[in-house]
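The following block contains the structure, expressed as structure tokens.
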Amino acid sequence: MNIFAKFDPLRKSLEQLKAISKRNPFDVVVERPLSATTGIIEGRETLLFGTNNYLGLSQSKEARDAAAHTAQQLGVGTTGSRIANGSFALHQNLEKDLARFFNRRSCMVFSTGYQATLGMVSTLAGKDDILFLDADCHASIYDGSRMSPAQVIRFRHNDAEDLRKRLRRVGNIPGAKLVVVEGVYSMLGDIIPLKDFTEVKKEENAYLMIDEAHSFGVFGEHGRGISEQENVEADVDFIVGTFSKSLGTVGGYCVSDHPEMDLLRLCTRPYMFTASLPPEVIAATIANLKLITEHPELRQNLMNNAKRLYTSLQKAGFRTGPHISSVVSVILDEVGHAAALWNRVLELGAYVNLSLPPATPDEHPLLRASIAAAHNFEQVDQLVEIYIQAVKDTGLSLAK
Amino acid sequence: MSITVQDVSNIILETLLANPKVPRDISGESKIIEDLAFDSLAVMNFVMEIEDKLDVSVPLDRLADIRTIDDLARAIVVLKQEA
Ligand SMILES: Cc1ncc(COP(=O)(O)O)c(C=O)c1O
């Protein structure tokens with residue numbers, strides 16, 4: 001038996017996609033970033049609207065300097081795991097900074113955001129426990145649930161009443177109930193009605209974990225995400241997130257007030273059995289966290305840009321997600337149309353993401369743009385013009 | 001009065017046939033992924049609909065052992081008895 005036979009359906013899907021899309025959307029290469037908002041793609045200077053670089057900090061001078069200096073001083077790798085041989089003072093400094101930023105008792109830093117959610121979900125939920133996951137949660141959360149021995153129940157997206165119904169349906173169980181949600185959902189940029197969820201969580205005696213991957217640094221007076229914006233931080237047991245978006249580097253974290261957090265360092269496998277982040281990445285992350293703390297205007301610029309893009313696209317007749325956030329997606333009906341539009345947008349000078357089912361909600365393909373504080377209004381307006389031109393050039397209609 | 005596997009199977013078939021994309025010739029023995037051409041997300045979405053019709057939660061970890069519509073019906077009957 002050919003071990004690759006099981007991938008035949010995948011091969012077919014890829015071939016179908018290649019037949020309708022001039023370029024393979026999974027193969028776009030930024031030959032060289034020029035700034036936080038422009039780069040060279042296919043030899044052309046291109047507007048970058050598909051990078052998740054929400055605050056533009058991947059290119060901050062402070063982080064570059066810190067990384068370069070630290071690499072010179074400490075080298076470029078830890079060559080070990082946090083618990084065995086890979087914790088530097090820098091890792092602990094970053095954990096202290098993040099705990100302080102969130103006003104939390106403790107913080108665990110992971111090597112990626114994927115591992116942070118994978119690790120926390122799979123370790124916290126034990127055999128007698130039940131996990132309740134939002135239907136649209138990220139793959140890392142679903143993968144964590146598969147690693148966990150707990151039962152897994154999925155509830156309707158952003159629907160706190162549906163969660164309540166499902167929590168009640170299971171009734172009294174010997175173990176704990178852990179609800180996992182996100183602050184901003186990555187495909188449509190839609191925002192959780194978090195107050196409704198914290199009410200349900202309290203009434204039904206469950207624990208609550210929120211992944212603020214797309215909301216950290218973006219929402220809340222201090223950038224602590226939707227939990228801060230909705231003023232419910234005290235009712236959120238665990239906040240997880242990533243360094244790979246607003247913080248501009250790579251890595252992940254979990255912050256919490258639960259005193260048992262230090263025990264988790266000794267049983268969370270995606271924390272224990274992998275090398276820790278290299279010192280230059282930690283130093284760059286510390287520098288960018290400081291920038292987020294000291295420059296609230298970054299968030300204001302970002303939201304001004306996002307509002308401008310969102311309202312201009314709606315005015316032009318595009319169907320968008322329900323909320324304004326740093327992700328602004330145009331919802332389309334057919335993969336062929338979406339692919340044609342995405343290719344034309346790239347040819348006209350803007351890079352956005354082509355997001356395809358089954359990774360998207362309700363089987364709709366999306367043109368997904370991520371907005372940065374570093375974009376200016378001219379670039380935002382240019383993107384809108386490019387979308388409108390691409391619709392004309394591809395002969396599509398925007399009839400809703 | 002408890003619900004039988006046959007009852008549940010019929011409810012599942014009815015729900016599936018309400019979706020015009022589903023082949024018309026399905027039966028209790030139809031395989032959910034292969035015969036219905038459902039991907040993993042479509043399976044989870046369709047199970048959610050059945051859960052609401054029958055007021056039962058089918059944990060995702062149980063779906064791993066389920067291949068046919070009758071398998072799903074049997075699992076739901078067991079879950080309803082446990083409740
Ligand atoms: C909601 C969510 N959680 C976790 C991750 C993983 O983060 P990282 O890129 O740091 O692995 C992502 C990013 O893709 C995400 O969107």
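Which whole number in µm²/s is D for region A:176-229 by Stokes-Einstein, with the Kirkwood Rh taken over Cα pairs at 10 °C and 1.306 mPa s? Could the numbers behind the result be given before it?
Working: Rh = 11.4 Å.
Roughly 139 µm²/s, to the nearest whole number.
Give the value in nm², to one decimal: projected area of the alpha carbon convex hull of region A:1-140, averaged over all directions.
15.2 nm²
Next question. What's the extension gain from B:Glu82 to B:Arg24 if we count 0.36 nm per residue and subtract their Cα-Cα distance?
17.6 nm
Same structure again: Using the number of other C-beta atoms within 10 angstrom as an exposure proxy, rank A:Thr360, A:Thr46, A:Thr394 with the fewest first.
Taking fewest neighbouring Cβ atoms as first place, the list is A:Thr394, A:Thr360, A:Thr46.
Then there is this: What ranking of A:Val29, A:Val330 emerges when the number of other C-beta atoms within 10 Å of each C-beta is taken as an exposure proxy, fewest first?
Lowest to highest Cβ neighbour count: A:Val29, A:Val330.
Same structure, new question: Under a straight-distance cross-link criterion of Cα-Cα below 22 Å, which lysines are reachable from B:Lys31, leaving out those fewer than 8 residues away in the same chain?
By straight Cα distance, B:Lys31 reaches A:Lys6, A:Lys12, B:Lys21, B:Lys53.
In nm, give the distance between the simple-model label positions of A:Lys290 and A:Gln59, each being 7 Å from the Cα along the Cα-to-Cβ direction.
2.2 nm
Using only the alpha carbons of region A:61-294, determine the length spanned along each of the three principal axes and report them from longest to shortest in whole angstroms.
Its Cα atoms span 58, 36, 30 Å along the three principal axes.
Next question. For each of A:Met187, A:Met147, count neighbouring Cβ atoms within 10 Å of the residue's Cβ, then give the residues from fewest to most.
A:Met147, A:Met187
Right, another one. Mind checking region B:1-68 for GluC sites (Glu not before Pro) that DSSP puts in a loop (not H, G, I, E or B) and that have at most 12 other Cβ atoms within 10 Å?
On the way: sites: B:Glu14, B:Glu29, B:Glu34, B:Glu49, B:Glu51; in loops: B:Glu29.
The qualifying sites are B:Glu29.
Moving to a separate point now. At a Cα cut-off below 27 Å, give the lysines reachable from A:Lys290, other chains included and same-chain residues fewer than 8 away excluded.
Reachable lysines: A:Lys61, A:Lys96, A:Lys245, A:Lys307.
Further question on the same structure: Using Cα pairs closer than 8 Å and at least 6 residues apart in sequence, work out the relative contact order for chain A, in percent. Show your work: numbers first, answer last.
Details: 819 pairs, mean separation 89.9, N = 400.
Relative CO of chain A lands at 22 percent.
May I ask you to work out the translational diffusion coefficient for region A:312-400 at 37 °C, viscosity 0.692 mPa s, via Stokes-Einstein with Rh from the Kirkwood sum over Cα pairs, reported in whole µm²/s?
Stokes-Einstein gives a translational diffusion coefficient of 249 µm²/s.
Right, here's the next one. Within region A:1-70, list the trypsin sites (Lys or Arg not before Pro) lying in a DSSP loop whose Cβ has at most 14 other Cβ atoms in a 10 Å radius.
A:Lys22
Still on this structure, please answer the following. What are the ³J(HN,Hα) couplings of region A:74-81, residue after residue, when phi is run through the Karplus curve with 6.51, -1.76, 1.60 and θ = phi - 60°? Round to Hz, x for glycine and proline.
Working through the residues one at a time gives 10, x, 10, x, 9, 6, x, 8 Hz.
Sorted from largest down, give the three principal axis spans of the alpha carbons of chain B, whole angstrom values.
Reported extents, whole Å, longest axis first: 33, 25, 20.
Now a separate question. Report P(r) for chain A: all Cα-Cα distances, bin width 20 Å, range 0 to the bin holding the largest distance, values in whole percent.
26, 57, 17, 0
For region A:32-141, state which GluC sites (Glu not before Pro) are in a DSSP loop and have at most 16 other beta carbons lying within 10 Å of their beta carbon.
Sparse-neighbourhood loop GluC sites (Glu not before Pro): A:Glu42.
Taken together, the values in this text are just the output of simple stated rules run on the coordinates, not laboratory data. Being a predicted model, the structure only gives us computed values, none of them experimental. Positions of Cβ are generated from backbone atoms using ideal geometry, with glycine treated the same way; all protein chains shown enter the neighbour counts.
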